[in-house]
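Beneath this line is the structure, given in structure tokens, with notes to follow.
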Amino acid sequence: MTVLSTVSHRRRRALAHAHVVPILLGGAFAAAAVALVAYLLWPTWTAQRAGLPDRLPVSVGGTLFNVPTASIRMKIQRHSGPQERVDLSFVYPSLEAPAAPKHVTAETVDQAMQPIDRIFLSIAAHRDSLAPDVRARTIYPRYLGQAANSAEDGLTVRTFRSDSPYGSEDLVAANDPALTARCTRDAATPGTCLSERRIDGADLTFRFPRSWLAQWREVAGAMDRLTAQLRGPKG
């Protein structure tokens with residue numbers, strides 16, 4: 001009986017070990033995959049130290065853009081050639097690539113909380129979706145309220161109906177210079193504006209703080225300059 005009991009105990013230990021090993025291996029592989037994704041998506045600004053050029057030729061939706069390498073927010077997008085989407089950020093109003101992020105400690109966290117000074121830009125292939133200017137002319141008016149409020153300096157602000165898909169937003173527009181944007185309202189977090197435009201096979205989506213509408217002419221001009229810089233000179 002003692003021999004049988006010993007054999008049975010060894011078999012139970014062997015079976016338990018056989019179940020534990022795959023679990024441990026699976027956990028190790030999952031941890032490695034998470035670490036890899038985090039490394040690829042972590043925004044870094046070490047393009048020059050990594051031997052990359054200052055600017056990269058990137059094709060989005062068959063449209064060529066000349067993109068500042070240090071402005072690319074995700075490491076996985078930091079390469080030349082065709083891409084489905086590129087996410088960028090620029091310091092406003094200089095429109096330069098952002099500097100390397102500083103390490104924040106408990107002692108410096110208050111100093112690190114500075115006002116937002118970035119324009120964020122996403123360039124994505126539109127795949128024949130409705131053009132932004134067509135959407136502004138034909139779709140948005142269906143959901144606007146009746147009243148129109150004119151802000152200072154020629155900027156018009158209209159509120160979307162609360163029962164519409166844009167119920168928490170306002171539509172802002174101006175003619176000189178041209179500007180159309182949807183802006184969320186200030187609440188627990190500051191409002192944000194989204195302005196879109198199409199260039200050939202790609203849509204450009206700019207995002208900036210709603211508070212910048214106080215200087216909307218400068219912001220509109222900055223978006224125009226960024227668009228021209230990214231496209232480069234045409235032959």
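Going by the structure shown, is ARG161 within 19 Å of PRO93 (Cβ to Cβ), surrounded by 13 or more Cβ atoms within 10 Å (Cβ to Cβ) and touching a strand residue (DSSP E or B) at 6+ places or on another chain (Cβ under 8 Å)? Considered against the rule, which asks whether it is within 19 Å of PRO93 (Cβ to Cβ), surrounded by 13 or more Cβ atoms within 10 Å (Cβ to Cβ) and touching a strand residue (DSSP E or B) at 6+ places or on another chain (Cβ under 8 Å), ARG161 comes out as no. Looking at the range 133-158 only, could you name the residues that are of a type in the set (A, V, I, L, M) and either assigned to a helix (DSSP H, G or I) or surrounded by 12 or more Cβ atoms within 10 Å (Cβ to Cβ) (or both)? VAL134, ALA136, ILE139, LEU144, ALA148, ALA151, LEU155, VAL157, listed by residue number. Just checking, which of LEU130, LEU204 is within 30 Å of PRO82 (Cβ to Cβ) and part of a loop (DSSP other than H, G, I, E, B)? That would be LEU130, the only listed residue that is within 30 Å of PRO82 (Cβ to Cβ) and part of a loop (DSSP other than H, G, I, E, B). Pairs linking a residue in the range 151-165 that is acidic (Asp, Glu) to a residue that is at pLDDT below 90, with Cβ atoms under 8 Å and 6 or more positions apart or on different chains, do not occur.
Going by the conditions given, is THR227 touching a residue at least 12 places away in the same chain (Cβ under 8 Å) and more than 18 Å from PRO93 (Cβ to Cβ)? Against the criterion (touching a residue at least 12 places away in the same chain (Cβ under 8 Å) and more than 18 Å from PRO93 (Cβ to Cβ)), THR227 does not qualify.
The values are calculated or read from the model by the stated rules, or taken from the named source; none is laboratory data. Being a predicted model, the structure only gives us computed values, none of them experimental. Backbone-built Cβ (ideal geometry, glycine too); neighbour counts: all protein chains shown.
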